[in-house]
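The values are calculated or read from the model by the stated rules, or taken from the named source; none is laboratory data. As the structure is a prediction and not an experimental result, all values here were calculated from the model. All Cβ positions, even for glycine, are placed from backbone atoms using ideal geometry, and neighbour counts span all protein chains on display. When the accessible area is computed, the model is the full protein with side chains, heavy atoms only, and any ligands, DNA or RNA have been set aside. Shrake-Rupley method; radii C 1.70, N 1.55, O 1.52, S 1.80 Å.
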Amino acid sequence: MRFLFLKREKQINNCMSNISYREAVLSAADKLKKCGVDNPQYDSQELLMYAANMDRTTYLLHCEEHIDDKLYAVFEKLVKRRAAREPLQHILGYTYFWGRKYLVNENVLIPRQDTEVLIEKALEYICTGDSVLDMCTGSGCIIITLACEKKLSRAVGVDLSKKALEVARKNAVNLLADVEWIESDLFQQMDKSIETNKQMNVLYDVIVSNPPYIESDVIDTLSDEVRYFDPLMALDGGNDGLVFYRKITEQSVNYLKQGGWLLYEIGSNQSKQVRDIMAANGYEDIHIVEDLAGLCRVVMGRLKCK
């Protein structure tokens, strides 16, 4: 009987006797809120579930139970990282996009729901057997989603960052997506000759891109999660934010089939400028697409047939 009592006493001492899982979450959420973190309770709960290796159902079933000291210490370290404004997705190492799980880290932009507008429109214009190019692919979430949703003859993701492509390759493997990856400064290293491309009929039916589009002097005004943890080269779109739209549009006409579509994600204040850039480079049927909040999110156009 004495042995059983001592064993029980030891179990109690190994727990934060006055802190449950739920109370730990609420306490951490209060800390995160004071540090200016958006959705502090959601982030706190996600961090605890990650530390405890439990899903949401398990958490709800056991949230009133006492939390173990060692687990609580691990959880506190994670909360400290989030309080320093390290993105939740970087801490977890993953995020979800279009219902699929993607690995993310400091080398890629975190896939965001805004980009799903680009996916929706692209899927409307991509046909079975089409070839699709994703310029500035980052984590690969756009081209991987399109390759998973449509049976493509060729899917290609291009990025200047070797480290970003390493992430994209892992995501493609994990999601069983058949995608080619090319390390290139835009179109520069893609193929040897534009004329050879045309002769070999390796032009694309659709080109999509979510390029860097933040104005250089605006980057310092962005949230700490973005300006301190996102890769600068994936954000900076030059003085007016339009550098990559100009370059990609001008060069895209050599890689896109006549009548093929070019689709961009844009900053909400860039629709008219991007539309004009596309019109000046031989695109017609140019559409501006709004997101659910009524903000301009996508500009798309069709390359004129000669």
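Worth pointing out:
- Charged-residue dipole, Cβ positions (Lys, Arg, Asp, Glu), segment 15-61 about Cα centre, Debye nearest 20: 120
- Multiplying each eigenvalue of the alpha-carbon gyration tensor of segment 76-167 by 5 and taking the square root yields semi-axes of 29, 14, 9 Å, largest first, rounded to whole angstroms.
- Antiparallel DSSP beta bridges within the chain, percent to nearest 5: 45
- Diagonalising the gyration tensor over the Cα atoms of segment 116-175 and scaling each eigenvalue by 5 before taking the square root yields semi-axes of 19, 11, 10 Å, largest first.
- Spatially, segment 126-151 and segment 265-306 are offset by 19 Å when compared through their Cα centroids.
- Per residue, in Å², the accessible surface of segment 177-295 once ligands and nucleic acids are set aside, probe 1.4 Å: 50
- Structure-derived Kirkwood radius over Cα pairs in Å: which label, when the choices are (i) 21.5; (ii) 20.8; (iii) 22.3: (i)
- Expressed as a whole percent, the accessible area of the chain that falls on carbon and sulfur atoms is 49 (1.4 Å probe).
- Charge dipole (the chain, unit charges on Cβ, about Cα centre) - positive-most of ILE126, TYR245, GLN258: ILE126
- Taking Cα centre as origin and charging only the Cβ of basic (Lys, Arg, +1) and acidic (Asp, Glu, -1) residues, the dipole magnitude of the chain rounds to 800 debye.
- Each Lys and Arg Cβ is given +1 and each Asp and Glu Cβ -1; about its Cα centre, segment 129-191 then shows a dipole of about 220 debye.
- Residue (of LEU88, LEU146, VAL206) at the positive-pole extreme of segment 77-218, dipole from beta-carbon charges: LEU88
- Taking every DSSP helix (H) stretch of at least 4 residues in the chain, weighting each as -39,500 (n - 2.57) and dividing the sum by the residue count yields a mean residue ellipticity at 222 nm of -12500 deg cm²/dmol.
- Between ASP30 and THR58, the distance separating the two model label sites (each 7 Å from Cα on the Cα→Cβ line) works out to 2.8 nm.
- The chain: relative contact order in percent, alpha carbon pairs under 8 Å with at least 6 residues between: 13
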